Every structure is written in structure tokens, then in C-alpha cells.
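Report on the structure given below.
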Amino acid sequence: MTTLETYATLAEAARAMAGGQSAAAYLGGGTIVMREVNAGTAPSRIVRTTDPVLSEIRLSGDTVSIGAGVTMAQVLAHRDLGFLHPVARLIGGPQVRNMGTVGGNLFAAHPYGDFAVALIALGARAHLVGQGARGVEDLMRDRSRPPLVAAVEFARPRQGTFGFLKVSRVKPKGVSVLSIAALIPRDGGRCRGVRVAYGAMGPAPMRGAGAERALEGQMFDAATIARAATQAAEGLDPPTDALATAWYRREVAGVHLRRLLERMERTP
Amino acid sequence: MKTPVTLTLNGAERAAFADPGQNLLEFLRRGVGDLSPKYGCGQGTCGACTVRMNGQTVLSCLVLAEMAQGATIETAAGLATPAMHPLQTAFMDHFAAQCGYCTPGMLVSAKALLDRNATPTRDEVIEAISGNLCRCTGYEPIIAAILSVAQGRIRA
Amino acid sequence: MALHTGRGFAAINYPIGMNLGGDPSQALVHANPDGKFTVALSAIDLGQGMKSVTRQIAAETLGVPVEDVYVDTADSDTGPHDMGSFASRGTHRMGNAVIMAAKEARSVMLDAAAEELEVDPADLVTDGRGNIHVKGAPSRSITTMAAAQAAQFKQGRTIAGRGIFLIPLSEVDPDTGEMTPVSTFAHAAMLVTVEVDDETGEVTVTDMQSAYEVGRALNPRLVEQQLRGGAWMGMSHAAWETTEPYYPARDHGPVDFNSYIMPGPGDLAPHHISVLERPAADGPYGGKGPGEMCANPVLPAVVNAVFDAVGVRIDELPVTPEKVLRALQAQGGAKPRRRL
Amino acid sequence: MTDMVGGNMFEMRKEFFRDERDDNLNEVGKPTRRQDIPGHVTGRSPFFDDHLFDGLLHMRCVRSPHHHARLRRIDTAEAEKMPGVVRILQGRDVPRNLNTLLSLLDFGIDDEPLLSDTKVAYKGEPVAAVIAQTEAQARAAVQKVRVEWDPLPHVLDVEEAIKPGAPVVLDIYPNNKFVYHGKYDHQKLRFGDVEAAFRGADHIVEGRYQMSPIEQAPIETCGAIAAPEQNDRYVCYTSTQGLFFSLGTASKVLTMPSSRLHFIGGTVGGGFGGKVDSIHEPLAILGAMLTGRAVKYAWDREEEMQVGAPRGAERWYLKDGVMRDGRIVARKFTGYFDSGAYTRLSSYAIIKGVGHLPGPYTIPNVYADVYCVYTNRTPATAMRGFGITAVDFAIETHMDKVADVVGMNPIDLRILNAYRDGDMKAHRRIAKNCALIECAQVVAQKAGVTLSPALAAAASTRDGGGARAALPAFTATDEGGRVSGFKSTNYAKKGGRQPDMPGVPAYQSPRTAPPTPNPSPQGGGEPTPPPATPVRTGAMRFSSLSGFRRR
């Protein structure tokens, strides 16, 4: 039967996760773990912490640090995180945004995890409890035994260099057919340090190598955008689910990437 | 092992024992007997179990009952005092309920919206109820009812 | 990218009541000593408004205000037999049973009133506001409450009534299909406007213009509830819903409301509804039953509108973006028809 | 009355059929508030699950992971030892473990167990029911029930299922097809001679249409709570759409007199057809009988969506013979209902669908063969528009194709072919109380669609009947799909009493007579039909649909 273990600090919680005779699930906002508890598929041990560090949002210079326990609603309420509001606003409905956390979104299975898509495009690093830091992108490669994340950290994008798009069948609240986040820094009109990330286009949120190559070092114009669109699906391995087939996702990835980039190009 | 949980429900202190892994929805319904939040999915996808916890709307099926210890909970059952809340009157006047099963959760979300935004736009109303599914009405009468309160156009 | 607008039309009729009949409904009506009435049914209200519409029907027939009637349903110890709430039978079958029961109760009430007023019951009428008076002489009047009290405590009458409605079973000829399916039909016509994105195959319903013929609209707002919600469901059937996205394969079957999709409040199209009333000869006060048919015209109307917009026909529901995109590619792009 | 809601117009078009109505009634026609709305907005409306019982037990089912399989054995030993487990039910615990929903009307033969004990025919079919103190404990114990399966070949497509050599879903049915009237493996509709009419038509228009399976998706999932009541009775709070339907089903499968059952419902969180099947009530009551405690059995959302019976898929083939001017002279249907693994209500819906053909149009030659097909899918059941929604989708999409072929405005085409008062319908009854034309005209006017002057002036009350009231001089019939070895039962002999109906109310216009005479009980609500065609064989009772018993 399910038992809840509450710890004062993240470190203790991490030790409890590692130790203990049986497997444990870490309870953040509850939107993932509680669904499993209700379905009877969660481990019997539920671990949580009341560590205040988890709900901190810190901005120092150009560096943004968001605690893993920060909810989508808290992101939306933070004036200095305006560039992330279009992302957080498209995650779940109001109730889910009041509960779901930045840390939880990193480990939400398909079709969830759109906030992680944005973090990958932003080049975010995750601070792991007692394990240093790892790129969020790298963290996505194996989510089977997730480490405890304390916070995510990234450089605040320059005005107009970050864009996000989510395609869903139900409005205003629906899960992803696909989502795209793009960071397009420009240097003398040319795209430098481009990062494009996709959601629902692979087993987990991932980079879009084809699009990045097409954009990197190029002028940010219609021709470049068109080229990026044609290479958008390269290296992607989209799943088939109740909403769409892999074929459809691959087919429209370029269309939606183009629409996102055109929007960003129009509004510098 | 059962865990004692004390919380403030619609202004009154209530206590009961929670089963291991029991969610707040079942605790409120079977533990303390507030039957206004409804089970619709247990997955966090329908909104029928919506309550306010410390002022914020949450899906009570996704809250572990033990974590509501000491919390302030508001449900649809607490809306009438006993006079009907304007939202309740508007839902009645606009025929904004058919089977009535999604209505309590819908009202909690609507109340939370109006508490932070007295004059929402149609789009803001749509956003506010987007986490509450209705299978009967097609939403339009619900949107109209909420807007009518926002615009102070309640027919007595 | 190009958005193409198209309009599609469909018209339908719908059989009211359980096919072939053989589906009885019963009702009991009785008065309290103060002239307030209880209607006991075993019928089910699953949102369609059974309690409310039978309440209005009972009040109309009894000749009392609707506030003086309460409909109690459904308890098998007190509510008499009814087949159930399906096949658009509720209003039609149960409405008639309630009328029959209320007529009987009304006649006892008038007998009691007549005895108090010392007149012939045949000369009495109700004003629908709680009074019974002599036809043409409103001054010679008695309240329903006084009549009920007299019946109960002076005259020893039971102001009560029993009702049943049954359309006996029809035969079906195995060789020709000759049968009497139902006694009346409701009707609808629907014109839907859609926008089709020819790069993604996404279809957006932007407007619905409808006319529904429902027999007498026993309560126009209850009718509107059915038509508005039902048309939304029709739109949902047309382009969103299915338990088997890859029918006949059973893979990827939805298990929650994120994978079983329906239009959200942000997907709504304005729906302009006109209601026509052609009373049904055997319907309660001419009523039919709008609940089931209201979704039906939307499905084909959406499919026809997509054809009108881009020239592709999606003959397998639901009309998903993928089906539209595949059809567009097979056709070599959008070929707008614009016939409407 | 006109009302604008968020740009959504609602208007009553009182000018139509005005002389057929008295609009001055006291309560009828008034926009009175719902009686149940105060309960709904306060959260006090009592749904089935809103009744508290001390020590309520929870039931969860063990379900088949296979589309089709034989059950070798069920081992509950480990599950019995799980915490909180009170009892585990199997098929042998059900007094009468075989039922079909409409057997209460003597319609259909019993073909579905409550808890399967020999074979499963669809993924998710229940084979055991665990009763435990909490739902979580019941879920955990379900995982510990060991079932040994022998998977069998399965079939999921209706047209695959009726091919020779297809896997047999239920061996009591021939070639996975329901038997109608003990005579044919499908329901026929024959009116005139479509083949002859096709030869004389200017155009032939054909189409294939596939309706998807759909979940009723009420926000309240389907369920029941049963408990021992005083005086040796059982109370059952239920979400059923048919109180006595479920009571009768429970009484039958539990072999318990109805007097010992007390059903309470009537306030249901949406149904849309999905709460007719009466699956939860008998199992919940059986649980209460065997544990002496209150037992709740309800689907979770995943079960509601994948185990709960959907609106069945239907496949329709249509073929029209059309003249240059848009008149449809012949229409032929071949339909396949995907009933899933058991009958439930599909066989019945087909009769409803056939009676509806060819849609709201007067077509002189109509033909239909409609099959109720068994596949290894979740059984289908009723949903809003049952038996009609899918074929209307087919008909109205097809009408659009016809309009395209003859180059006609789609609304004009509908009105040109629309049925009118007095027309003979394909099921051989006279049309009355029609209003399709008026609905089409109102929509055309609102949408600014210009109709041809003649059709803009058409009316349902005019130009019907006469020659259009006549039965076809000749109707082509056939013995296709004849089966042998089955005989029909007879509903009429089994309590099909036809009582006279004193005081059956019929609306009477104060000004003019109603459009048609009141239905006579015997007439089943429509005027007595003209004499049947010579080819008509002896009429079979509706219940003969119920098919058959082995000789």
C-alpha cells in the first residue's frame, strides 16, 4: 500500500529515493505520480520534500534559475519570465498549471513535456541533487531512472530570439500533436547558436538537427526559413498515437516550423 | 495505515482519517462527506473534481489527501451562503447545466476566475473553464452565464 | 499556406420513440391535502430534462401552476414501470402517460370542487393560477387548495391518477421489411461553414445555421439546450471523436480525455438555431423529442463542407487532419468547389 | 422568442404550421427553469455515487488481455491472500450467467456471460471480479489473479468476419451474422425494383461510408452501489438509463424476484446511450449478496472508454439511380453493423435503421440488405441517434455527391426529393406530419442560398400523396441469405398483451383538425396501411427478430 515520506531537505529526499528496500516515486505537483497512484501503478513509497529551495526563481544578470518545484502558474505570474509565458500558458488547463511543476515536466511521458522542449531550445542545464549539472537535452535521452532535479538554469534569451509553438487538436487546452521551440540568436543579421527543439516528435523532447543546420550561420530570411522547413523532420522519430500517426507528424513538422520562424522573423 | 487529516472545508474545520494513497477527492467525499466534487476520470483530464486549495484551483483527484493537512479547501457546496451565489443564479437562468455532473467543478473554476478578474473577456472565460469538460451543453450557455455575472447582468 | 472556406448542407428526419413500439411508460399523480401535486415516475433524467418537461406537462393538464407540481424520479418502490430514457421516447411516451394520469387526478379535483360549489363539474374550469371557477363566472370560484382539503378531509376522495402509454408492438416482414417503426418524426436541416488548412489538413468549423422541427417545443429553453449541445456533439463526432483511431485495428485506443478528444470551449462555432413546431398527432401537447436527432445533420454537413472547400471527400469519420491531408496530396492540392 | 447568446441566435419560427397549434397554453411552451437546476448548482443532486455506506466495499474486474481466447484456468489463490480482499467472484457464482439485454422483450437469445468462464471474445472481457475494502486494494488484487489463456485467431473487420473460414466469434450464430426472423442472415427491405430502375436512370451514383466507433463519454462513468436492505431485500443505487430495464436484468441473472430489489436512480451524470447495458447492477448486487456488505462497482475512465460499449462502427454502401433533373428513382443499401463480440442492442438498431431508409425522401424503388456482424471487438450498444446517425451520415454525404453529379444546388436536390404528407414510404406506411422541406427552406433563407422558385415555394403539406401514395405495382423479392435450422420465438404469445388505451391523449387543434387522424392502438400510431403486396409472405412478429432457438 502507498506510504508518503516527507523530508525537510532535497538531500534527504534524494537519499530516501536511493535507499529504502523498495522503489520510490518522487512526488512533485502530483499530476504524474497521483494519476499512477489512482491507477494502482505507482511504487508503494511516495517521497516528497518541503525544501523551500525548490520553489525559488532567481535571476542574476543574464542567468535564469527556476526551482524544480516551481509551478506553471508561478512561471506565468513572474513578470521577468515573459518569454516563457506562451509556453506555460499552453500546458494543461488552469488546475494543472496550478499543480504541474517545471521539474515534473522534464519527466512527463509523451505527449506531455512541452516545457522541457522550451528548456532544451534555451540550452538549459538541470542541477541534479548531489550529481552536479547536466544538460536538459542530455537528461531526456534516458528518463527511465530519473535523478532528482533541484533547478534548471539557462541564459535569458535576447528579446525576439526565442519562439514557441504548440499544435493541439483541442482548444484552448489540448495535448501536443507536436510542439516546437526555437532559439535564433542573430549576429549581424546571421543566425548564430541556433537551437531548435521538438516535442511529440520522438520518444522524448529532442533537438532538430536538420533545421538547426539549415539556419546556422545563415541570414534569417524567407529562403533560409524555407530551407529549414524542408529539413525540419530530419533525424526525428515521431510516435503514432491516438491523435496522429508518425507520418502526419513528420509531414507537418516543416509546415509548423516554417510558421513559427516566419512569426519570429516578422516580429524581431 | 490510516492517517488523520484536519483541514478547513468551506470555513469549517473538518477532520477524518485518510487511507494510504487516498486522494483528496475521495477524502472529501467519503471522509468528510462533501459530495459536491465529482469523480470523472481520476486522471486529471476532466475537471469534475475541481476544488480550491489555499485559494488555487486544483484537481482533487491528483492531490494526496495527506498533503491537504491544514489546508483551506473551498468546494461548490460552499458557494451558497445559503443565498445562491450570483454564479449559481446565472447558471440557473442561462440553462448552463443539463446533467449537472460537471457543474460543481465548473462553478469552482468560474468563481476562481471572477475572484481574480471581475470583468473577464470571453476568451478569458474560455481559458478559465478549459480544464473542466462538459459533455451536454456545448459550453456556450456556461460561457454566457459566467460573462453575465462579470457584466453584472444577472436576471433575478 | 492557404485557408479555404466551404459550406456544406444536410437534412435529416428522426423517428421518435422506441422503434416498433411495445415500450410502455407509466405515471402516477397524486395531490397533497393542500393541493400540491407529486408525480411519481421511474423515468430517468440524464440531463435531457425529463423531470422538468413532465412537470410542465402535469401542471398544464391539471390546470395548476408549475410550482405546485413536483416530479419524483426514479425509485422502483414508488415509480411505476417505464422502459427507460432512450430512443427519444422519454418526452413522447412518458409525457403521454403523465397527461393520462393528470387528467384522472384533475377530474377528481373538479368533482371535489363541484361538490363544494354545488355546481356541475362539467361547468368548471381552472385558471392555471391555483383557482377553479365556474365557466364564465370567475367569482364562483374555489382554490385548488380548498378543493384538495375538502376532498381529503370532508368528501373522502383521492385526488390521484394513473397513466400509461403504449404503442403496441409492430410486426416486421422478413421479406419486404414492412413495419410500423414509429408514429412520428422530427426534422432538421443544417448548413455548416468550415475553414480547411491545405498545408496541415486542419478543419475548423466557423459557423452553423440550423432549423429543427421538434413538434411543439414544450419548453423552448430545454429544446435549445438539446440542440446547442447536440450540434456540438455532432461537430465532435464529425471531426474529433473515436474510440478506435485506426479502425478496424484496435491500436492506440484512447484511455483519457487527452487522447479521446472533443471540441473545447475554444473550438466553438456560432450556431444560429431556428425552431419549427409541427405538433405530432400523438405527442404530448404535440411534442416530439429533439434530444437524439440534433447531432445527426452536423456529421454529413461538415464532410460536405470540406468537399466544398477543397474538393476532397472524407467518407470515413472522423475527418482528421491526416485524412484531409492525405486526400489533398492524392488530389494534387486543393480544388475548391464553392457550390453553396 | 429570440435570444442572442454569444452571437448564437435562437429563434422560434411560429409562422410555420401555426394553424396546427394552440400557442396559448399556461405552462407548455414556457421557458420554465429546470426543476433539478438548484440541486445541480449547489452540488446536492444525488448521483448514484453520492450515497455513503459504512464499510463500502469496492469491486474491480479481471479482464482479458486477448481479443479472443479460451480460458484454461483461473487461479485466485494469491489474490485471495492480498490485503483487504473480501471475495473474488467468478462465472460459477452468477446464478444465471448468460444474458442478452433485450431478452426482457424476448428479443435475441442469451449470448453474453456476466463473467466469462470458458472463452473471451473481446479484449477487456471480464472473467473475475475482486471485492476488497478499498479500490486500491481491489486493483492490487486484480493484478494477482493468474489466468491461463489459449489465444484464438480473431477478426476485427465486419467484412472479414463474414468471409468463409473467418474466426468464429460466437458459435451460436452462422458466419458471425445475427439471424432475423429465424429466416435470413440479414434484415431485408424491398420496395419496388431497384435493378430495373437503375437501368432506366440517367446517372448511377455509388459510395462507401464508414462510421467510427464512438464513446458516449458521460462525465459520470457508469456504475452502481448495492447494499443489503432491511427485510431481506437489496437496494441498488444506479446510473442506469432504464431503471426497470436494469432491475429486470438483475432479477433475471440473479434469479431473484423483483420484489426483493429496490432500485434508485433517476439523477444521472449524462448517458447518451452508454448506461443502458445493465452490467454493473447485477454484479454489485451479487457482491452484496455474497458479502453481506455494500458493494460499489463502477468503471474508471479507461474502462469507460475501452471496455464500455461504444456506438458501434457501421459500414454502408449506397447506390442511387438518378435522373438528369435530380429525381432519385432508385436507392440500394448494403449495411454492416459492427456488433462487436455480443449482441447487446445492435440487432435491434438495424431494424430501426431499416425502417428509416431511404432517409427523408420519397424514392419509388428502395432496396436494403443490412447485416448485424459479430467481431472480436468491445460489444457495441446504444448511443444518441442509435441506428440512425451513421446511415444519415451516409445518406446525406451521398446526397451531396448526387447533387454534384447532376450539377444541382444541394438544398434544391433535398427539397425536390423530400417526402411530403401522404407519400408512401419504403416500409409501406403513409408519411405524415412532414417538415423537411420547411427546415431546408429556413436554412437556405438564413444562409442566403437562392433556391429555384418552384422549390422555394414547395411545402410538406402540398403535392404529396396521390400517385406518390401508391405501393409499387411490383416488388422484386428474393431468398438471399436464407438460413435453416433456426426458428423464431413469438413475443405476442408471451405477454405481449395489447391493452385498449383509454384516454390516450392526442393533441387537437382548436381551429383545424390535426394533420392526420390520431393513432389507433392497433395501428401502432400510423394509419392502417394499404393492402400489402402479393409477394408478402406471412408476417413475422417483431420478436422473431429475437431470433431463434436451436431446433
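A Cβ distance below 7 Å, combined with a sequence gap of six or more or placement on separate chains, defines the contacts here; from the range D:462-480, residues that are hydrophobic (A, V, I, L, M, F, W, C) reach residues that are modelled with pLDDT of 95 or more and part of a loop (DSSP other than H, G, I, E, B) in the pairs D:A469/D:G422; D:A469/D:D423; D:L471/D:R428; D:F474/D:D193; D:A476/D:D193.
How do the pairs read when you match residues in the range D:43-63 that are among the hydroxyl-bearing types (S, T, Y) with residues anywhere that are modelled with pLDDT of 95 or more, using Cβ under 7 Å and keeping only pairs 6 or more apart or on different chains? Matching pairs, first to second residue: D:S45/B:G100; D:S45/D:D36; D:S45/D:G39; D:S45/D:T267. D:Y180 falls short of the stated requirement of being surrounded by 22 or more Cβ atoms within 10 Å (Cβ to Cβ), within 21 Å of D:H66 (Cα to Cα), hydroxyl-bearing (S, T, Y) and touching a residue at least 40 places away in the same chain (Cβ under 8 Å). Taking the condition within 7 Å of another protein chain (Cβ to nearest Cβ) and either at pLDDT 95 or above or surrounded by 24 or more Cβ atoms within 10 Å (Cβ to Cβ) (or both), does C:S107 pass? Criteria not met by C:S107. Filtering the range C:197-214 for residues that are over 17 Å from C:V319 (Cβ atoms), polar (S, T, N, Q) and buried (at least 24 other Cβ atoms within 10 Å of the Cβ) leaves a non-empty set.
Checked against (1) buried (at least 24 other Cβ atoms within 10 Å of the Cβ); (2) in a loop (DSSP other than H, G, I, E, B), D:P364 meets all criteria but (1). Considering the range D:260-287, and only residues there that are in a loop (DSSP other than H, G, I, E, B) and charged (D, E, K, R), the residue that is farthest from the other protein chains (Cβ to nearest Cβ) turns out to be D:D277. The criterion of being within 17 Å of D:I214 (Cβ to Cβ) and part of a loop (DSSP other than H, G, I, E, B) does not hold for D:F337.
Select from the range C:312-326 the residues that are more than 7 Å from chain D (Cβ to nearest Cβ), crowded, with 20+ Cβ neighbours inside 10 Å and not hydroxyl-bearing (S, T, Y) and list them in ascending order. Give the derivation first.
As a first pass, look at the range C:312-326 and keep what is more than 7 Å from chain D (Cβ to nearest Cβ): C:312-314, C:319-326.
Cutting the leftovers down to crowded, with 20+ Cβ neighbours inside 10 Å gives us C:312, C:314, C:319-325.
Matches in the range C:312-326: C:V312, C:I314, C:V319, C:P321, C:E322, C:K323, C:V324, C:L325.
Within the range B:27-68, the residues that satisfy the criterion of being among the polar types (S, T, N, Q) and facing another protein chain (nearest Cβ under 7 Å) are B:S36, B:Q43, B:T45, B:T50, B:Q56, B:T57.
Just one of A:A88, A:A42, A:A68 is touching a Lys or Arg at 6+ places or on another chain (Cβ under 7 Å), on the phi < 0 side of the Ramachandran plot and crowded, with 19+ Cβ neighbours inside 10 Å; which is it?
Numbers: A:A42 fails: touching a Lys or Arg at 6+ places or on another chain (Cβ under 7 Å); A:A68 fails: touching a Lys or Arg at 6+ places or on another chain (Cβ under 7 Å).
Within the list A:A88, A:A42, A:A68, the selection yields A:A88.
Number of residues in the range C:140-178 that are modelled with pLDDT of 95 or more and in a strand (DSSP E or B) equals 10.
The strands (runs of 3 or more DSSP E) found entirely in the range A:151-224 that carry 3 or more residues being small (G, A, S) and either within 13 Å of the chain's Cα centre (by Cα) or assigned by TED's automatic domain parsing to the domain that holds A:L106 (or both) are A:176-183.
When you check A:G104 against the structure, is it facing chain B (nearest Cβ under 9 Å) and under 19 Å from A:G199 (Cβ atoms), yes or no?
Working: facing chain B (nearest Cβ under 9 Å): no; under 19 Å from A:G199 (Cβ atoms): yes.
Judged against the criteria, A:G104 is not a match.
Just one residue in the set D:R70, D:R44 is assigned to a loop (DSSP other than H, G, I, E, B), modelled with pLDDT of 95 or more and either in the same structural domain as D:L286 (by TED's automatic domain parsing) or surrounded by fewer than 23 Cβ atoms within 10 Å (Cβ to Cβ) (or both); that residue is D:R44.
Being away from chain D (no Cβ under 11 Å), crowded, with 21+ Cβ neighbours inside 10 Å and under 11 Å from the mean Cα position of the chain (by Cα): is that true of B:L24 here? No, not satisfied. Taken together, the criteria exclude B:A128 from residues that are within 12 Å of chain A (Cβ to nearest Cβ), touching a residue at least 40 places away in the same chain (Cβ under 8 Å) and within 29 Å of A:T71 (Cβ to Cβ). Here D:L25 meets the list (1) surrounded by fewer than 18 Cβ atoms within 10 Å (Cβ to Cβ); (2) more than 10 Å from every other protein chain (Cβ to nearest Cβ); (3) more than 34 Å from the chain's Cα centre (by Cα) almost entirely, failing just condition (2). Among the residues of the range D:98-113, are any in contact (Cβ under 8 Å) with a residue 60 or more places away in the chain, within 14 Å of chain B (Cβ to nearest Cβ), part of a strand (DSSP E or B) and not acidic (D, E)? No, the range D:98-113 contains no residue that is in contact (Cβ under 8 Å) with a residue 60 or more places away in the chain, within 14 Å of chain B (Cβ to nearest Cβ), part of a strand (DSSP E or B) and not acidic (D, E).
Just to be sure I understand, how many residues within the range D:192-242 are among the polar types (S, T, N, Q) and assigned to a strand (DSSP E or B)? Residues in the range D:192-242 being among the polar types (S, T, N, Q) and assigned to a strand (DSSP E or B): 2 in total. Residues in the range C:36-55 that are under 20 Å from C:G286 (Cβ atoms), within 14 Å of chain B (Cβ to nearest Cβ) and in a helix (DSSP H, G or I): C:M50, C:S52, C:V53.
The values are calculated or read from the model by the stated rules, or taken from the named source; none is laboratory data. Here the structure is a predicted model, which is why all the values come from computation and not from measurement. Cβ atoms come from the backbone with ideal geometry, glycine included; neighbour counts cover every protein chain shown.
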